[in-house]
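Comments concern the structure below.
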Amino acid sequence: MSFSYDLLATDGSARAGMLHTAHGDVPTPTFMAVGTAGTVKAMTADAVRATGAKIVLGNTYHLMLRPGAERVAKLGGLHKMMDWPGPILTDSGGFQVMSLAKLRKMDESGVTFRSHIDGTPYHLTPERSTEIQHLLDATITMQLDECTKFPATHQEAAESMRLSTRWAKRSRDAFVRREGYGQFGIVQGSTYQDLRRESADALAALEFEGYAIGGLAVGEGQEMMFEVLDYTTPMLPAHKPRYLMGVGTPDDLLGAVARGVDMFDCVMPTRAGRTARAFTSRGIFNLRNARFQDDTRPLDDNCSCLACTRHTRAYLHHLFRCEEILGPMLLTAHNLTYYQSLMQGARDAILAGNYTEYCDTVRAAWAAGDTDT
């Protein structure tokens, strides 16, 4: 099975396609559940599959620290270790190095840093990041990049982007090409259109199997993020998948799909599930709120997850008030199911040619809120 992307339909800039990989096919648009350390928090692999997820994300930085990439390889690779035979995308570790590591120092060769866990020193280069992802047996490998800070001056953004571009070439050279496996380049350039163009053109010349858009959802706000996507996604090859990194809210996803994005990941639905926040077809609920303590209705009438089909809002409220682990488990499963159903609805609407109407209907229901209370 070769690594390829079939574009099946468009509706405006919105796209529906099929990503073919060594570990299975992924319908797009798609949301990737975040399994940073080889697990989606509070979820078994069966529970993740039950949400409708076809692809998950792991993280180079966390897995290189614990249990170590070489150990994962000896254990049969990440697919076997975490009971996920389907596709896995691994982040390169660059963002986590910048945000979590202690005493980091960056130069042309890569990043030298100390582990946030125990202070052990490491040196992460584009070549080592690519090697680690190979040892993990990632279906999709990401180039090592620098996530440009926001705000950044044009000069700062240009220097950062050009460093990432040079690292992209080294990452590409280090990638071991195998049937059904792919590597994505990451477009940087902050909020500057000319820099995004320079980045996109340079990465396209390296002929990656897919392209990610990085450096967004870092504080610029939704309006500016959408503005950047408006001019960036058309710069990317139409026959390759497009991945918006670290995004986002359900509304972010709808808007980004409308602008031509195919793939997403974000910790938001899992993190929210652990803190009693539920994403629903009627908006966001906080299950700790006392208004739910006698509410015998399902969390979301339109959801097929266990939290919604087997339990009441009152029970979910009770679990969080008592700090029972089942609460985060059920709500995480619900949130991921909701994200998957949102993306499936988007795909169906694009195939039917009514994506704008789909978005209007979904947003109207959010705005109406929980009208029965």
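Only the coordinates and a few stated rules stand behind these numbers; no lab work does. Given the structure is predicted, the values throughout are model-derived calculations rather than measurements. In this analysis, Cβ positions are derived from the backbone assuming ideal geometry, glycine residues included, and neighbour counts consider all displayed protein chains.
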**OP:** Could you figure out which of (1) over 25 Å from I117 (Cα atoms); (2) buried (at least 23 other Cβ atoms within 10 Å of the Cβ); (3) of a type in the set (A, V, I, L, M) isn't true of L8?
**Re:** (2)
Subject >> Number of positions in region 262-314 that are among the hydrophobic types (A, V, I, L, M, F, W, C) and under 26 Å from T28 (Cβ atoms) >> reply: 12
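One line per residue, one yes/no per condition, for (1) closer than 21 Å to S129 by Cβ; (2) touching a Ser or Thr at 6+ places or on another chain (Cβ under 7 Å); (3) in a strand (DSSP E or B); (4) not polar (S, T, N, Q):
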site	(1), (2), (3), (4)
S190	no, yes, no, no
R197	no, no, no, yes
A202	yes, yes, no, yes
F208	yes, no, no, yes
G215	yes, yes, no, yes
G219	no, no, no, yes
M224	no, yes, no, yes
E227	no, no, no, yes
**OP:** Please state which one of L57, L78, L89, L65 is over 13 Å from D137 (Cα atoms) and in contact (Cβ under 8 Å) with a residue 40 or more places away in the chain.
**Re:** L65
**OP:** For region 209-232, name all the residues that are in contact (Cβ under 8 Å) with a residue 60 or more places away in the chain and at negative phi.
**Re:** E209, G210, A212, G214, V218, E220
Subject >> Test result for R196, of a type in the set (D, E, K, R), without any contact (Cβ under 8 Å) to a residue 60 or more places away in the chain and touching a helix residue (DSSP H, G or I) at 6+ places or on another chain (Cβ under 6 Å) >> reply: yes
Subject >> Residue list for region 299-314, filter: buried (at least 21 other Cβ atoms within 10 Å of the Cβ) and not hydrophobic (A, V, I, L, M, F, W, C) >> reply: D300, R313
Original post:
In region 179-193, what count of residues is obtained for those that are free of Cβ contacts under 8 Å to residues at least 60 places away in the same chain, of a type outside the set (A, V, I, L, M, F, W, C), under 29 Å from H23 (Cβ atoms) and touching a Gly at 6+ places or on another chain (Cβ under 7 Å)?
Top reply: 1
